[in-house]
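*Asks:* What follows is a single structure, and I will ask about it in a moment.
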Amino acid sequence: MTAPHEEEAPVRGMWRQGFEVFCENRLALVGVALFVLLAAFSFLGPLFYQTDQVHTDLTKVFLTPGTDGHPLGTDGVGYDQLGRLMLGGQTSIVVGLAAGLLATVVGTIWGAIAGFAGSWVDAVMMRVVDAMMSIPALFLFMLMASIVTPTVPMLIVIIGAFAWLGPARLVRGEALTLRTREYVMAMRGMGGTGGRAVRRHIIPNAIGTVIVNATFQVADAILYVAYLSFLGLGVPPPAANWGGMLSDGLSDTFSGHWWLLYPPGIAIILIVLAFNFIGDGLRDVFEVRLRRR
Amino acid sequence: MTRYLLTRLGQALVIVILVTLITFVILHLLPGGAARAILGKEATLEQIAAFNHEMGYDRPLWQQYAMYLQRLVQGDLGYSFQLNQSVAEAIWQRLPKTMLLSLASTFLAVVVAVPLGVVQAVRRNRWPDYTINGLSLLAYATPIFFMGLMMIILFSQVWPVLPPEAPQGFTLAEVLADPAGLVLPTLTLTILTVAVYSRYVRSSMVDNLNENYVRTARSKGLSEGRVIVGHTLRNGLFPVITLLGMYLPALFSGALVVERLFNYPGMGLLFWQAALKRDYPILLGVTLLISVATVLGALVADVLYAAVDPRVRLKAGRS
């Protein structure tokens with residue numbers, strides 16, 4: 001977007017004001033801190049704490065935390081649990097972010113086209129969304145996962161292929177109402193182009209809702225990966241993700257191997273909470289109407 | 001009202017047809033087709049060709065889709081690759097059990113979530129609101145199978161009062177004969193549902209408490225209790241009807257995970273077992289049925305909503 005220079009000043013003001021509102025929400029800051037910590041743990045951790053997450057070691061299975069240089073013990077095939085949490089975190093975070101981004105981009109384009117085009121194009125496009133939304137997510141995921149072998153890119157595509165429906169509905173709704181606002185009509189009446197309406201009015205107005213929704217999409221994608229792993233359709237080892245580790249840990253619960261269950265469980269809860277907190281903070285920023293409640 | 005009803009019914013019909021199209025397309029995404037899935041990797045090309053001819057898979061796609069639709073209309077969902085029974089029969093045996101689980105937890109969730117949401121709205125931005133909000137976010141962030149496991153640890157191991165496994169009866173009556181086994185699966189699904197509903201009730205109540213009619217009611221000198229229960233609650237609860245319809249897909253997804261965790265012999269477990277064995281007729285049959293149930297649920301919710309709130313049907317009638 002190449003906006004003329006003098007138009008940029010108020011935009012920057014808006015972002016600074018938004019940043020201040022975001023910082024007033026303490027939970028949102030907690031969310032950001034949690035995310036940074038978990039991401040640093042997963043991506044930077046392996047630089048300082050190196051473990052072999054490819055070769056199994058059957059002489060060192062189910063070691064209790066603290067023994068033999070394994071701070072969180074080892075799992076049923078001898079992987080170091082702390083190192084595995086780092087590896088699993090990488091997958092969970094990458095799949096969550098990528099699927100959330102994919103869903104948001106596809107959904108925004110789909111919803112914007114439907115909203116602007118209106119009439120029968122809108123009707124057809126939205127009925128497709130309705131139809132896909134009526135198929136419960138997990139059933140659709142399992143259908144697709146039983147057809148293709150799940151790999152990390154495949155998981156992103158499978159989850160993204162379903163999750164775009166929410167943003168599509170949101171953006172379409174926004175586009176429909178924004179199109180008929182007085183200020184947009186006035187601008188059009190003065191000879192402004194449709195493209196200008198989209199760039200200067202509709203996208204800046206809809207972007208807030210889209211960003212807030214994208215944050216929740218990431219949280220949901222991380223949960224979906226966990227559910228798919230639990231249902232036996234996750235990425236096979238030696239790859240790992242927190243959801244898969246948690247569902248593997250389920251079978252160890254009653255053998256007393258608590259370190260295989262609670263750490264990945266808590267990690268998932270924390271990252272999902274983090275994205276929900278951030279999303280709530282962003283909502284404060286973008287949805288001005290709700291601010292003083 | 002009639003016009004609204006007809007529009008909405010037409011939409012629902014279009015959606016159902018699109019759903020059949022989607023499931024049909026997915027079936028044809030299978031690498032090597034269904035033949036490989038049934039006959040296995042060792043099957044020769046001749047065997048596969050013979051199978052495809054027998055099943056009509058070598059005909060043009062539109063003909064196959066027409067046949068698929070024709071069979072569907074007659075109630076023929078196909079025959080399971082693995083179980084020695086038709087898909088319709090397999091589903092029919094398990095459907096009542098899934099309905100029981102879903103309905104019971106939805107009912108409980110509404111009963112719990114409405115008071116919680118109302119308390120949150122009335123005491124908003126104070127400690128009851130923060131506490132309930134925190135707990136429901138926590139419940140939302142917990143994978144449902146992890147929550148279910150916590151329940152099993154708490155109520156079957158630490159304080160052994162309930163069985164960790166769901167009733168294993170074949171019929172609905174056999175399942176109902178073991179109510180203790182139903183408690184944990186139902187509660188697990190209920191907690192997740194409450195987390196979603198209470199947030200919704202809260203925001204709907206907050207919106208309504210800011211309306212002019214509430215100020216009018218207060219300035220008339222009505223007690224706060226009458227204002228909330230008699231005036232705001234009525235309006236604030238209407239959107240919950242829509243939520244009941246909207247939440248159905250998530251409820252069915254949740255039921256799938258709960259049934260797997262507690263080994264509850266419903267449709268979710270049937271679907272899960274079919275997914276592992278690549279029993280595609282069952283997979284598609286269950287997906288289709290669940291989707292149609294979702295469409296019907298949303299339809300009923302919308303019509304009910306229009307019946308109680310005239311603004312909705314007026315708006316829809318105009319557009």
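The values are calculated or read from the model by the stated rules, or taken from the named source; none is laboratory data. On a predicted model such as this, the values are computed, not experimentally measured, just so you know. In this analysis, Cβ positions are derived from the backbone assuming ideal geometry, glycine residues included, and neighbour counts consider all displayed protein chains. Ligands, DNA and RNA are excluded from the accessible area calculation, which covers all protein heavy atoms including side chains. Shrake-Rupley method; radii C 1.70, N 1.55, O 1.52, S 1.80 Å.
*Asks:* Under 1.5 on a/c is rounded, so check that first for the stretch A:66-219, then, if it is not, pick prolate when a/b is larger than b/c and oblate when it is not; a ≥ b ≥ c are the square roots of the alpha carbon gyration tensor eigenvalues.
*Replies:* Prolate, since a/c reaches 1.5 and a/b exceeds b/c.
*Asks:* Taking the Cα centre of chain B as the origin and placing charges on Cβ (Lys, Arg +1; Asp, Glu -1), which of B:Thr232, B:Leu251, B:Pro163 is farthest toward the positive end of the dipole?
*Replies:* Of the candidates, B:Thr232 comes out farthest on the positive side.
*Asks:* Moving on to the next point. Can you send over the carbon and sulfur percentage of the accessible area for chain A, probe radius 1.4 Å, protein chains only?
*Replies:* 67
*Asks:* So how many Å³ per residue does the convex hull of the Cα atoms of the protein assembly as shown work out to?
*Replies:* 207
*Asks:* Report the accessible surface area buried between chains B and A, summing both sides, using a 1.4 Å probe on protein heavy atoms only, in Å² rounded to the nearest 100.
*Replies:* Counting protein atoms only, the buried area is about 4200 Å².
*Asks:* Averaging sequence separations of C-alpha pairs under 8 Å and six or more residues apart, then dividing by the length of the stretch A:11-291, give the relative contact order as a whole percent.
*Replies:* In percent, rounded to a whole number, it is 27.
*Asks:* In addition: Please build a GNM for chain A, connecting alpha carbons under 10 Å apart, and tell me which residue among A:Ala98, A:Ala114, A:Ala197 fluctuates the most.
*Replies:* Most flexible of the set in this elastic network: A:Ala197.
*Asks:* Sticking with this one: What's the FRET efficiency of B:Lys220 with A:Thr177 using the Cβ-Cβ distance as r and R₀ = 35 Å, to the nearest 0.05?
*Replies:* My answer for the efficiency is 0.50.
*Asks:* Next up: Compare B:Lys220, A:Lys60, B:Lys277 by solvent-accessible area with a 1.4 Å probe and give them largest first, with all protein chains kept in place.
*Replies:* In descending accessible area the options line up as B:Lys220, B:Lys277, A:Lys60.
*Asks:* How far apart, in nanometres, would the label points at A:Thr193 and B:Glu174 be if each is projected 7 angstrom from Cα along the Cα-to-Cβ direction?
*Replies:* The modelled label-to-label distance comes out at 7.0 nm.
*Asks:* Over the Cα atoms of the stretch B:2-87, compute the convex hull volume and normalise it per residue, giving Å³. Could the numbers behind the result be given before it?
*Replies:* Numbers: hull volume 9.6 nm³, N = 86.
Each residue corresponds to 112 Å³ of Cα convex hull volume.
*Asks:* Which distance in nm do the two modelled labels at B:Leu135 and B:Leu13 give, with both placed 7 Å along the Cα-to-Cβ direction?
*Replies:* It works out to 4.7 nm between the two label points.
*Asks:* Using alpha carbons only, what's the Rg to Rh ratio of the stretch A:11-291 with Rh from Kirkwood?
*Replies:* Numbers: Rg = 22.2 Å, Rh = 20.8 Å.
In the stretch A:11-291, Rg relative to Rh is 1.07.
*Asks:* Something else: In square nanometres, what is one fourth of the surface area of the convex hull spanned by the alpha carbons of chain B?
*Replies:* Directional mean of the projected Cα hull area for chain B stands at 21.5 nm².
*Asks:* Can you give the log10 of the normalised intensity I(q)/I(0) at q = 0.14, 0.17, 0.22 Å⁻¹, computed with Debye over equal Cα scatterers of the stretch B:173-293?
*Replies:* Log-scaled intensity ratios, in q order: -0.75, -0.91, -1.19.
*Asks:* Another question about this same structure. Identify all aspartates and glutamates with a Cα-Cα distance to B:Lys220 below 18 Å; exclude those on the same chain that are fewer than 8 residues away in sequence.
*Replies:* Excluding near neighbours in sequence, the set is B:Glu211.
*Asks:* Let me ask you something else. Placing unit charges on C-beta atoms (Lys and Arg positive, Asp and Glu negative, everything else neutral), compute the dipole magnitude of the stretch B:192-294 about its Cα centre in debye, rounded to 20.
*Replies:* It comes to approximately 260 debye.
*Asks:* Quickly work out the A:Thr151-to-B:Leu6 label distance, labels modelled 7 Å from Cα along the C-beta direction, and quote it in nm with one decimal.
*Replies:* Going from the B:Leu6 label point to the A:Thr151 one covers 5.4 nm.
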